[in-house]
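The values are calculated or read from the model by the stated rules, or taken from the named source; none is laboratory data. Quick caveat: nothing in here was measured; it's all calculated off a predicted structure. Note: ideal-geometry Cβ built from the backbone for every residue, glycine included; neighbour counts use all protein chains shown. Remember, those area values only see protein heavy atoms, side chains included, never the ligands or the DNA or RNA. Shrake-Rupley method; radii C 1.70, N 1.55, O 1.52, S 1.80 Å.
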Amino acid sequence: MKKLIPLTAFLLILLFGCKLENNKNAKISFEVSFSDQIGVDSKNGRLLLMLSNNNADEPRFQINDGLKTQLIFGVNVDKLAPGQGVHFDGQVFGSPIPSLSDIPPGEYYVQALLHVYETFNLATGHTVQLPMDNGEGQQWNRSPGNIYSKPFKITIGENGNETINVVMDQIIPPIEEPEDTEWIKHIKIKSERLSKFWGRDMYLGAHVLLPKGFKEHSEAKYPLMVFHGHFPSNFGGFRTTPPDPNMKPEYSDRFKLDGYNILQQQEAYDFYKRWNEPDFPRFLIIEIQHPTPYYDDSYAVNSANQGPYGDAITYELIPHIEKEFRGLGEGWSRFLYGGSTGGWEALAVQVMYPEEYNGCFAACPDPIDFRAYCLTNIYEDKNAYFYESDFKKVEVPSHRDYLGHVQTTLREGNHRELVLGDKSRSGQQWDIWEATYSPQGDDGYPVRLWDKMTGDIDQEVAAYWRENYDLRHILERDWDKLGEHLKGKIHIYCGDMDNYYLNNAVYLMEDFLEGTKDPYYAGEVTYGDRAEHCWNGDPDKPNHITRLRYNSMYVPKIMKRIAESAPEGADLTSWRYK
């Protein structure tokens, strides 16, 4: 016979087990305020509380989607006065641990930061609170004017702690703008279109690389290369001197290479030498600064939430640069290229302004067919975070390596964004896609494609995305109008093991393009075997090298395109000096 446990003994075991379970995760709270040393004015924004189990760097620099991310919690604050406390407890949502109540006991470094919002009175009649870019390219942890506390160490015991006070008494200083050099000039103009939309003065900028002989050949007019991508603090990848011999080699965890910083300087110097070779074509190359209150760049298209950035760049900024630096100023002489965000922008701008540019080279582009919005089909799937199943709950991945190892999921990334800012205000990837592609809501903010907490997809919003920003759909819908203007202009490159699964949308785009008739698209779609993000078209060299060669690797194809398509009487000689 089985022995029976006496009732009293059973209850003691049950109670003891509950006690152990309750003590496993400590109860802790924080009171966060800012010092009057910062100023006496009240502030609006997103208040962030961060904890790290190491001091390898400040907690604010250890928040990401990777396996080594630390903890972050966030709340909105409105008219927060100096000395006024904001309470963080187990009810405040966090990432990747959703509640302070679930943090394991141990030693942590704690830090708070206020991402300051400003008021915008939009031309649509809405008033919104958003973070203005302050020269850093919409980086919440580095944005000048944001206030923060110095990290300090705490111990969270098994029985919890009393409320911990955190005082923000530091302010991120302004960023100095780069100075002009012999080769690189910096442009900043007020955009009338954008200023009207945002209800305040808004500016566009660019870093301009001048060709060899620019001063000596005053008769020359130049083709223009537009290098699209994330916010550039200066013109990158160009260096007039060899690598610094005193530089200490740094390890690149992404590429598993030691001394990658030295290699970058060498590639920049090599490009400078190529730029000066006698047979290198004389171009203008620009990198554009177009940060918005939602992200580090605008995606270079017109948007219900961000305003007419496409028109502002194409019809205001580029003509200004061409006038200032003797550009040819005609569609046949302008080309677009870039990778990732820049890859999407290069293709989108070519599609939406087909006669203003003469070719795009789009590497590892953000999703160009929303049937493969990474791993989500926004038109057919009901939920973005979980695969449909009657009995299983399997999360959708969002990042892998070339062997398929997954580091994070779509739900985790979106929840981190939700902590950083609600109403698409995180300044991160999924939110900028909403800010760019979604209609404007009744409150003046972007309408969510899916519920940020649950992942349930709004099919009405998905339909809006399809008609306005699904590049494959737009091309297929309008090929009878666009085809003749885009023939020979579309070039797409992607690794078949892109970390963000961006190759899936490229496959679908290729299927359409290869089926085009009257006319056939006459471009190229090429894949890199086992290549990760952001493979850009060179099958012979590794990704860590080719990503540093955008400004030279497409030149032969650009020159071939010019020879084939320049109109009769076009200036093909003034810029071809030695």
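Provide a single number: the residues in the range 110-124 that are assigned to a strand (DSSP E or B) and surrounded by 14 or more Cβ atoms within 10 Å (Cβ to Cβ).
Result for the range 110-124: 10.
Starting from the range 309-331, keep only residues that are open to solvent by 10 Å² or more (accessible area, probe 1.4 Å), then list their pairs with residues that are of a type in the set (D, E, K, R) whose Cβ atoms are within a distance under 6 Å, requiring at least 6 positions of separation or different chains.
That search, which allows pairs on different chains as well, returns Asp311/Arg193; Arg326/Lys221; Leu328/Lys221; Gly329/Glu322; Gly331/Glu355; Gly331/Glu356.
Can you name the residue in the range 124-171 that is of a type in the set (Ser, Thr, Tyr) and under 19 Å from Tyr295 (Cα atoms) and is also nearest to the chain's Cα centre (by Cα) among such residues?
Here the residue is Ser143.
Which residue out of Glu182, Glu216 is open to solvent by 70 Å² or more (accessible area, probe 1.4 Å), in contact with a Leu (Cβ under 9 Å, 6 or more places away or on another chain) and in a loop (DSSP other than H, G, I, E, B)?
It is Glu182.
(1) among the small types (Gly, Ala, Ser); (2) out of contact with any strand residue (DSSP E or B) (no Cβ under 9 Å at 6 or more places or on another chain); (3) over 30 Å from Tyr402 (Cα atoms); (4) part of a helix (DSSP H, G or I): which one isn't true of Ala268, the others all being true?
That leaves (3) as the condition not met.
I'd like to check something: does the range 69-78 contain any residue that is free of Cβ contacts under 8 Å to residues at least 24 places away in the same chain, buried (at least 18 other Cβ atoms within 10 Å of the Cβ), farther than 19 Å from Ile432 by Cβ and touching a helix residue (DSSP H, G or I) at 6+ places or on another chain (Cβ under 9 Å)?
Yes, that holds for at least one residue.
Against the condition modelled with pLDDT of 95 or more, under 30 Å from Gln407 (Cα atoms) and part of a loop (DSSP other than H, G, I, E, B), how does Asn54 come out, does it pass?
So Asn54 passes the test.
Would you check if Val92 is over 22 Å from the mean Cα position of the chain (by Cα) and assigned to a loop (DSSP other than H, G, I, E, B)?
yes
For the range 235-247, does any single residue satisfy the condition of being touching a Phe, Trp or Tyr at 6+ places or on another chain (Cβ under 8 Å), in a loop (DSSP other than H, G, I, E, B), surrounded by fewer than 18 Cβ atoms within 10 Å (Cβ to Cβ) and polar (S, T, N, Q)?
The answer is yes; a qualifying residue exists.
Are any residues in the range 332-369 surrounded by fewer than 21 Cβ atoms within 10 Å (Cβ to Cβ) and not in a loop (DSSP other than H, G, I, E, B), and if so, which ones?
Once the filter is applied, which keeps residues that are surrounded by fewer than 21 Cβ atoms within 10 Å (Cβ to Cβ) and not in a loop (DSSP other than H, G, I, E, B), the range 332-369 yields Trp332, Met352.
Going by the structure shown, is Val208 of a type in the set (A, V, I, L, M), closer than 30 Å to Tyr299 by Cα and either open to solvent by 90 Å² or more (accessible area, probe 1.4 Å) or part of a strand (DSSP E or B) (or both)?
Yes; evaluated as a whole, the condition is true for this residue.
Of the residues that make up the range 495-510, is at least one of a type in the set (Gly, Ala, Ser) and closer than 20 Å to Met352 by Cβ?
Within the range 495-510, one or more residues are of a type in the set (Gly, Ala, Ser) and closer than 20 Å to Met352 by Cβ.
Looking at Tyr501, Tyr527, Tyr520, Tyr507, can you tell me which residue is part of a loop (DSSP other than H, G, I, E, B), open to solvent by 10 Å² or more (accessible area, probe 1.4 Å), farther than 30 Å from Phe93 by Cα and modelled with pLDDT of 95 or more?
Being part of a loop (DSSP other than H, G, I, E, B), open to solvent by 10 Å² or more (accessible area, probe 1.4 Å), farther than 30 Å from Phe93 by Cα and modelled with pLDDT of 95 or more holds for just one of Tyr501, Tyr527, Tyr520, Tyr507, which is Tyr520.
Which residue is farthest from Arg46 (Cα to Cα), if the candidates are limited to the range 399-417 and must be open to solvent by less than 30 Å² (accessible area, probe 1.4 Å) and either assigned to a helix (DSSP H, G or I) or modelled with pLDDT under 95 (or both)?
Across the range 399-417, the extreme among qualifying residues is Leu410.
Going by what's in this entry, would Gly310 be described as closer than 25 Å to Lys190 by Cβ and part of a loop (DSSP other than H, G, I, E, B)?
No, not satisfied.
In the range 279-297, which residues are more than 19 Å from Leu224 (Cβ to Cβ) and at pLDDT 95 or above?
Pro291, Thr292, Pro293, Tyr294, Tyr295, Asp296
In the set Glu107, Glu158, which member is farther than 26 Å from Gly413 by Cα and either in contact (Cβ under 8 Å) with a residue 12 or more places away in the chain or part of a loop (DSSP other than H, G, I, E, B) (or both)?
Glu158
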